[in-house]
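Let me begin by presenting the structure, written as structure tokens, before commenting on it.
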Amino acid sequence: MTDADDFPSVEQNTAVLAETLREDLSELGWTPAALMDRMHSLGDYRSPQTILRGLNRALAGQIRPSGELLALVRQMLRFKRRLLRTYGDATWTRLGDGSHTTRIEDFTITLVPQSKGRWLVNVVHKDGFSPPWPRWQDDLEAAKHMAFITLDNAQNWLLEYAEGQAREAAEKQGSAG
């Protein structure tokens, strides 16, 4: 689609919708497996195999991509752009082993080279919390982009954890009083 807000209409056929999905996924730099990972992490209750099968069928034009799927991918594009505006100027230091590292807020991010030119993303909070590692990324730029998404996930998890701790403390105090 030429305009970021030019969503396909209901009348457009499956081939046009599948092409829109492929273009947006390509702009994200994600494979169907990476999108499946994100959908699963956001609460898609289906098995990873079922999610991936549906994504592959939609990308191939075998089924009509749902409006929800198109909207999710478009939202992830906007999310990626926002994260790049926020963290894209981070200063990365190349380490002796070929890794690249940076510090953002209370997190240390390390991108570790792996076989076949792929990169492992490792995000660690100053207190030791490390969110689940995403799939290996195909190149350094993709690893940086995934690091920012992983950082955002970790920040959200820590916030939710702190809110849960505060609720528990308030409930204990309320029952003790």
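Looking only at residues of the stretch 106-142 that are in contact (Cβ under 8 Å) with a residue 40 or more places away in the chain and among the aliphatic types (A, V, I, L, M), we find that the one that is farthest from G29 (Cα to Cα) is I109. Just one of the listed residues (D127, D138, D152) is loosely packed, with under 14 Cβ neighbours inside 10 Å and of a type in the set (D, E), and it is D127. A single member of R53, R64, R74 is more than 19 Å from the chain's Cα centre (by Cα), surrounded by 14 or more Cβ atoms within 10 Å (Cβ to Cβ), in the same structural domain as T31 (by TED's automatic domain parsing) and under 20 Å from V16 (Cβ atoms), and it is R64. Restricting attention to the stretch 93-108, does a residue exist that is out of contact with any strand residue (DSSP E or B) (no Cβ under 6 Å at 6 or more places or on another chain), in a strand (DSSP E or B) and among the charged types (D, E, K, R)? Yes; the residues of the stretch 93-108 include at least one that is out of contact with any strand residue (DSSP E or B) (no Cβ under 6 Å at 6 or more places or on another chain), in a strand (DSSP E or B) and among the charged types (D, E, K, R).
Within the stretch 156-169, at least one residue is buried (at least 16 other Cβ atoms within 10 Å of the Cβ) and at pLDDT 90 or above.
The values are calculated or read from the model by the stated rules, or taken from the named source; none is laboratory data. In this text, all values refer to a predicted model and were calculated from it rather than measured experimentally. Note that each Cβ is placed from the backbone with ideal geometry, even for glycine, and that neighbours are counted across all protein chains shown.
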